[in-house]
Amino acid sequence: MYFALTDEQRALGDSVREYLADRFDLTAVRGVFEDPRGDGHPRELWKAVGEQGWLAVCVPEDYDGLGLGVLDAQVVARAFGAGVVPGPWLTTVLAGEAVRLAGSDDQQARLLGPVATGDTVATVAVRGEGGRFDASGVRVRAAADGTLTGTASPVEYVGVADTVVVAATEPGGAIGLYLVDPHAAGVTVTGLDSYDGTTRLFAVGLEGVAGERLAGSSAEVLTALLDRGAVLTAADLVGVAREALTRTVSYDIDRVQFGKPVGSFQALKHHLADLHIGVTMAEHAVLYAAFALDSGSGDAPLAVSVAKSKAADVAREVTATMIQYHGGIGYTWEHEAHFFYKRAKREAYAYGSAVEHRDRIAALTIDG
Amino acid sequence: MDLRYTAEEEQFRTELRSWLADSIPARWRDPGFWSVLPDNEAFELRRDWERRKAEAGFAGIAWPTEFGGRGGTPGMKAIYDVEMALADAPMTVNPLGLTFLAPTVMAIGTEQQKREIIGPMLRNEVIWCQGFSEPGAGSDLAALRTSGRLEGDEFVVNGQKVWTTNALHGDKIFAMVRTEPGSQKHRGVSMLLIDMNQPGVEVRPLKQMSGASEFGEVFFTDARVSVEDNLGGLGNGWGTAMLLLSFERGASGIGQYTVFRRQYDDIVATARTFGRSDDPVVRQELAKRLVELECLRYHAMHVLTEVEQGHDLGSESSMTKLQWSEASQDLWETFDDLLGPEATLGHPRPGLDLESMQQEAMWSRSVTIWGGSSQVQRNIVAERVLGLPR
């Protein structure tokens, strides 16, 4: 029994955290956050992300990747969450996973190398407004000639993407994944105002757009892709939550009211203890789910939904508590608490909300 | 990550499973079998079965062989817990002795204590009780007042212990006793090993809110114990107790998950019986409970890994306790919610016997109290893990 990261995986996490602490701290995050018209894609950071191999984690070695898995990718995701880091890392990794899972040999050879180096920035458009994160939530249709019409929203980082993986319902009800050039004729890209300034969100409209079908696409591949999105988002949420908790505890040790550190009051202590346990459980759940996906374990769908629902719930509560237990300063724009809160609030619903994932858990354990 | 057990561990599982299948009569699994048996008869059945289990080599799984243990791995102990739960095997009659006293004796007992205590305990010839809590010393154990007055080479013990598991069946009790008159708090306390079969020891059953009497009260009135029958040195009882309690930090979470997951499935079946399994609110609530149970399973694998790697778990046991006890309690509240107006009935309709589930639901109110209340555990996590000030 070895339920833990390897030394190499720990070292990967350390290197990401050290780089971010040194080169992309909260001051840099604030720069992106307070520039909503900017593209949210700091080029210096992206260069490092590519050079360090953080985009190559899931890319097979045959295509100049590291040939690792979701367990390794979640190490990076967690560190990015802890730093509330902007940029199209997750979207590019997920697009790469779509190509790896469903692309022909030729498509993989053409696309995965540039994904691994960061030369290609990519994103995924899998769900339309009001939809769930499953096949029923797809709002794009593929015509018999393969052209795509419909909408997807919210889609991260289309503004800087070279390619978009679009999920579409095909004639006969199958699901296809298509590579779309966001600059192609018939594509409209509309920026959305997001309270979370650590990303950029868009609505994508497609009107008879020519797409390139990933050869092995299917509803199963869409599910596999969404499960990877859910686990990596859960990892980011766990990173957000752990950092928010650490910062809150640290503040409440120093902050004195009524002549005592506020962290000495049991009303706070007991709640913070519960949150520490909650974050720890979410960390375990993310590890298990990532491993279950990598190893093709039979309980992977259950594990993914446990991880995403737990991470979403605990991150929302921890980041809200971060505001509350900082008192008035925590509600100011000047304080960083809102970066954590707003990122958690967005990610709580990305790739399936806690409620949606509990629906799946119920289906698996009550109806099963 | 590698979540497999070793080949030896899996071989152990096969042997244990086979022995359990052969040794547990089918009627023991009938609903109501245990509850209609008189308490003494049930206890003797369990005592005898457990003795045969020990003879077959399935006791003291991870204990060294020199103490009559199997010399197995922490993974084998985890497998043992799981298989015992899956087989509906009777609970041990010597839980406090096996979990706490034995490993403490192995660590700090005298050679004579090692010889005289561990073997008879494994064979269930001696049932051990734990004498910690008192009416005035619950969470605040250091407020204990039971006293031992030195008279020659004996202590004369006076006082009262409470919440004593198996008090009515106990032969001996490892008790925290203030052996230095006038001492305060954790100083001047010794852990004495007292014979319960003597005129100075009176035991009374303590009827719990569930109606059962797993616990009792133990009264000492000039009870006698040799000065030599102390564990860990006179006046050093607090240190002995802390060491003893640290042995709770095993890898039992995986076994607990197995029990709780079966309870979850039983509760789901009850939801179906009452036509509630399609109710979206009930489904959300059940799924929330399952999330916490699965987290317990992952956490238990983490703890097992830490134990196998030889790491000190420190205050992590408080996190484990909070996770399993609160998750279990919440699970049984969901059971109430899906029964609704039938929530207080043992037999809501003819032919439907929910007594054992109702008993578990009642029992769940105790799990956040014994072994360190949730509030005490939260203090420990807040202060020792998070570093928040006292």
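Worth a mention:
- For the stretch A:7-117, the square roots of the Cα gyration tensor eigenvalues, ordered a ≥ b ≥ c, give a/c of at least 1.5 with a/b no greater than b/c, which places it in the oblate category.
- Ellipsoid fit via the Cα gyration tensor, the stretch B:248-385: semi-axes of 31, 15, 13 Å, each the root of five times an eigenvalue, largest first.
- Calculated from backbone phi, Karplus (6.51, -1.76, 1.60) coupling profile of the stretch A:126-143 in Hz, x at Gly/Pro: 10, 9, x, 3, x, x, 8, 8, 7, 4, 5, x, 6, 10, 10, 10, 9, 7
- Cα gyration tensor shape for the stretch B:210-324, rounded if a/c is under 1.5, else prolate or oblate: oblate
- For the stretch B:128-234, the average shadow cast by the Cα convex hull is 6.4 nm², which is a quarter of the hull's surface.
- For the stretch B:289-390, the dipole from Cβ point charges (+1 on Lys and Arg, -1 on Asp and Glu) about the Cα centre works out to 320 debye, to the nearest 20.
- DSSP-loop GluC sites (Glu not before Pro) across the stretch A:29-127, with at most 11 other Cβ within 10 angstrom: A:E34
- The 1.4 Å probe gives accessible areas that order B:H169, B:H186, A:H271, largest first, as B:H186, A:H271, B:H169.
- If you wrap the protein assembly as shown in the convex hull of its Cα atoms and look at it from every side, the mean projected area works out to 36.0 nm².
- Radius of gyration and maximum dimension Dmax of the stretch A:95-165, Cα, Å: 13.2, 35
- Folded to 0 to 90 degrees: helix A:105-117 orientation relative to chain A principal axis, Cα: 30
- Under the combined filter of DSSP loop state and at most 10 neighbouring Cβ atoms within 10 Å, the stretch A:266-368 retains these chymotrypsin sites (Phe, Trp or Tyr not before Pro): A:W333.
- Highest mean packing comes first when the peptides A:356-364, A:135-143 are listed by Cβ atoms within 10 Å, giving A:356-364, A:135-143.
- Label separation (A:Q324 vs B:I24): 4.3 nm, computed from points 7 Å beyond Cα along the C-beta direction.
- Remark: chain B carries a charge dipole of roughly 440 debye about the Cα centre, counting +1 on each Lys and Arg Cβ and -1 on each Asp and Glu Cβ.
- The candidates A:D254, A:D236, arranged from most to least accessible area with a 1.4 Å probe in the full protein assembly, appear as A:D254, A:D236.
- Candidate aspartates and glutamates - alpha carbon under 13 Å from A:K345, same-chain residues fewer than 8 apart omitted: A:D196, A:D236, A:D313, A:E317
- Computed from the C-beta positions of B:R52 and B:E116 and an R0 of 22 Å, the FRET efficiency is 0.45 to the nearest 0.05.
- For the pair B:A212 and B:Q359, label points projected 7 Å from Cα toward Cβ lie 0.5 nm apart.
- Cα-based convex hull, the stretch B:1-139, per residue volume (Å³, whole number): 168
- In terms of distances greater than 18 angstrom between alpha carbons, the cross-link table entries A:K308/B:K288; B:K53/B:K77; B:K77/B:K114 yield B:K77/B:K114.
- By the rule of a C-alpha distance below 18 Å, with chain neighbours fewer than 8 residues away ignored, the lysines paired with A:K260 are A:K269.
- Using a Förster distance of 35 Å, the FRET efficiency for B:R4-A:H271 (Cβ separation, nearest 0.05): 0.40
- Ellipticity estimate at 222 nm from DSSP helix runs (n ≥ 4, -39,500 (n - 2.57)) divided over chain B, nearest 500: -14000 deg cm²/dmol
- Here the spin labels are modelled as points 7 Å beyond Cα on the Cα-Cβ line, and at A:T6 and A:D106 they lie 3.5 nm apart.
- Averaged over the residues of A:257-270, the number of partner chain Cβ atoms lying within 10 Å of the residue Cβ comes to 3.
- Placing +1 on each Lys and Arg Cβ and -1 on each Asp and Glu Cβ, with no other charges, gives the stretch A:220-367 a dipole about its Cα centre of roughly 440 debye.
- Around the amide H of A:H335, modelled in the peptide plane, lies no amide H under 5 Å away from a residue 5 or more places distant or on another chain.
- Those lysines that a straight Cα-Cα span of less than 21 Å connects to B:K185, excepting residues fewer than 8 apart in one chain: B:K161
- Against chain A, whose longest principal axis comes from its Cα atoms, helix A:266-295 is set at around 30 degrees.
- Residue-wise HN-Hα coupling along the stretch B:154-159, computed from phi with Karplus coefficients 6.51, -1.76, 1.60 (Hz; x: Gly, Pro): 10, 9, 9, 9, 9, x
- Dipole of the protein assembly as shown [Lys/Arg +1, Asp/Glu -1 at C-beta], most positive-end residue of A:G87, A:F258, A:G352: A:F258
- Cα convex hull volume per residue for the stretch A:261-368 (Å³): 108
- For chain B, the alpha-carbon coordinates run over 71, 50, 48 Å along the three principal axes, in decreasing order.
- Amide H partners (placed H, <5 Å) of A:V124, local residues excluded: A:E156, A:V165
- For the peptide A:2-8, the mean number of other protein chain Cβ atoms found within 10 angstrom of a residue's Cβ is 5.
- Our analysis of chain A gives Rg over Rh at 0.97, with the two radii drawn from alpha carbon positions and Rh computed by the Kirkwood formula.
- B:F215 long-range amide H proximity, modeled H, under 5 Å: B:L206
The values are calculated or read from the model by the stated rules, or taken from the named source; none is laboratory data. Note that the structure is a prediction, hence the values are computed from the model and not measured. Heads up, the Cβs are rebuilt from the backbone with ideal geometry, glycines too, and the neighbour counts pull from every protein chain shown. With ligands, DNA and RNA removed, areas are computed over all heavy atoms of the protein, side chains included. Shrake-Rupley method; radii C 1.70, N 1.55, O 1.52, S 1.80 Å.
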